[in-house]
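> Dropping a structure here in structure tokens format, bear with me for questions.
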Amino acid sequence: MSFGRVALLVGVAMLVLVANVAASIGYMIVYGHVVDPGHDAQYYNDHIQIAGPYCSIVAGIPLMFGAGWWVTGWWRRALGVLPAWVVWIVYAVIDLLVLLMVGLSLGVGVLFVVSFATKLVAALFGAKLRLARSTGPGGEADGGK
């Protein structure tokens, strides 16, 4: 896999990270304006500290599924699920580094493991589904790119 391909996959991992953060922000907007309005900012800051990891799990599953599906169709079928693995590894490393910088507690560590296990399963499922649907009667539907 060339440097250019890896760079594209890193970009996809970054897009998934941004989308996952946006999902948490969206959750907080709905929570603060519809579900439980009228509190001070610290109340909502405390709430997102608890809800954030769960938002990451819930939003991360379809995001990683989509990323696995998307990147698997970019190149030859011979690469198999490798592009999905690369996206997941980059995502996990960046997120782990951020967690280590802000402080990783045991509770957050457990949620980290759950979050990344579900994201890995989702990315690989998306990739395998794309591979299964991309084969036609001739074998490779992507022309061996």
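> What about residue 50, is it assigned to a helix (DSSP H, G or I), closer than 17 Å to residue 125 by Cβ and of a type outside the set (Asp, Glu)?
Against the criterion (assigned to a helix (DSSP H, G or I), closer than 17 Å to residue 125 by Cβ and of a type outside the set (Asp, Glu)), residue 50 does not qualify.
> Something else now. Among the candidates 120, 97, 111, single out the residue that is at negative phi, surrounded by 13 or more Cβ atoms within 10 Å (Cβ to Cβ) and out of contact with any Pro (no Cβ under 7 Å at 6 or more places or on another chain).
Criteria check complete, one pass: 120.
> Now, a different point. Does region 30-45 include one or more residues that are hydrophobic (A, V, I, L, M, F, W, C) and surrounded by 16 or more Cβ atoms within 10 Å (Cβ to Cβ)?
Among the residues of region 30-45, not one is hydrophobic (A, V, I, L, M, F, W, C) and surrounded by 16 or more Cβ atoms within 10 Å (Cβ to Cβ), which makes the answer no.
> Given the criteria under 21 Å from residue 132 (Cβ atoms) and either aliphatic (A, V, I, L, M) or assigned to a helix (DSSP H, G or I) (or both), does residue 62 qualify?
In short, yes.
> Is it fair to say residue 82 is crowded, with 17+ Cβ neighbours inside 10 Å, touching a residue at least 40 places away in the same chain (Cβ under 8 Å), closer than 26 Å to residue 133 by Cα and in contact with a helix residue (DSSP H, G or I) (Cβ under 9 Å, 6 or more places away or on another chain)?
no
> If residue 92 satisfies every condition in (1) without any contact (Cβ under 8 Å) to a residue 40 or more places away in the chain; (2) surrounded by fewer than 14 Cβ atoms within 10 Å (Cβ to Cβ) but one, which is the exception?
Going through the list (1) without any contact (Cβ under 8 Å) to a residue 40 or more places away in the chain; (2) surrounded by fewer than 14 Cβ atoms within 10 Å (Cβ to Cβ), residue 92 breaks only (2).
> Would you point out which residue out of 64, 28 is of a type in the set (A, V, I, L, M, F, W, C) and more than 18 Å from residue 90 (Cβ to Cβ)?
Result: 28 is the single residue among 64, 28 that is of a type in the set (A, V, I, L, M, F, W, C) and more than 18 Å from residue 90 (Cβ to Cβ).
> Also, quick follow-up: Scan region 49-80 for residues that are modelled with pLDDT under 90 and closer than 19 Å to residue 112 by Cα and jot them down.
Correct list: 49, 50, 52, 53.
> Another question about this same structure. May I ask you to list pairs of residues, at least six apart or on different chains, whose Cβ atoms are under 8 Å apart, with the first in region 102-116 being under 13 Å from residue 92 (Cβ atoms) and the second being at pLDDT 90 or above and not in a helix (DSSP H, G or I)?
Filtered contacts from region 102-116: no entries.
The values are calculated or read from the model by the stated rules, or taken from the named source; none is laboratory data. Computed from a prediction, not measured in an experiment: that's the story for all the values here. All Cβ positions, glycine included, derive from the backbone under ideal geometry; neighbour counts span all protein chains shown.
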